[in-house]
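Engineer: Pasting a structure below so you can have a look.
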């Protein structure tokens, strides 16, 4: 384990934990086994099925971020991550394997950091297609609260443009 990498991730995440360790090893897997590295723009896309600790390492080490639009979140509660290369269109779903043994938090973190990658992850074909590149949208102003939002998130209500917070859904 490269201490500088670990320290950089821990500084971003705020503490060390087994989840962050799993994320660091996930990034190592993506880099070493799949040949994909840091993404300055949208070259690498990650679709995370969890919003837990490992995702912070993905942001720091692979450059997949919500702001750039190359980190997407699909809430399944699984420690599973689909990665795509925009250059090749190739994708793979990486799933963390669960270690059921009883360990303390520190023991689990150490085990994750030292275990062979094949003991931590398995791969499969992607379950979702490569998402389109991030788009820029016009800014709209809510007729009720006056706050602005991206056009694709606006709703039309009583002939006025409103935000999701002010929108009254009709779902009976």
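Per-residue answers, yes or no, for (1) in a loop (DSSP other than H, G, I, E, B); (2) over 25 Å from the mean Cα position of the chain (by Cα); (3) modelled with pLDDT of 95 or more:
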| position | (1), (2), (3) |
| --- | --- |
| 123 | no, no, yes |
| 127 | yes, no, yes |
| 135 | yes, no, no |
| 140 | no, yes, yes |
| 149 | no, no, yes |
| 164 | yes, no, yes |
| 167 | yes, yes, yes |
| 170 | yes, yes, no |
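Engineer: Within segment 9-103, which strands (runs of 3 or more DSSP E) (wholly inside it) include 1 or more residues that are surrounded by fewer than 22 Cβ atoms within 10 Å (Cβ to Cβ)? Full working, then the answer.
Structural biologist: Values: elements: 44-48, 71-73, 80-85, 91-96.
Once the strands (runs of 3 or more DSSP E) in segment 9-103 are filtered for at least 1 residues that are surrounded by fewer than 22 Cβ atoms within 10 Å (Cβ to Cβ), what remains is 71-73, 80-85, 91-96.
Engineer: Are there any pairs, at least 6 apart or on different chains, whose C-beta atoms fall under 7 Å, with the first in segment 127-142 and more than 24 Å from residue 85 (Cα to Cα) and the second modelled with pLDDT of 95 or more and surrounded by 15 or more Cβ atoms within 10 Å (Cβ to Cβ), and if so, which?
Structural biologist: Pairs that qualify, where the first residue is more than 24 Å from residue 85 (Cα to Cα) and the partner is modelled with pLDDT of 95 or more and surrounded by 15 or more Cβ atoms within 10 Å (Cβ to Cβ), are 140/149; 140/154; 140/161; 142/149; 142/161; 142/162; 142/163; 142/166.
The values are calculated or read from the model by the stated rules, or taken from the named source; none is laboratory data. Not measured: the values here are computed from a predicted model. Here the Cβ is made from the backbone with ideal geometry for all residues, glycine too, and neighbour counts use every protein chain on show.
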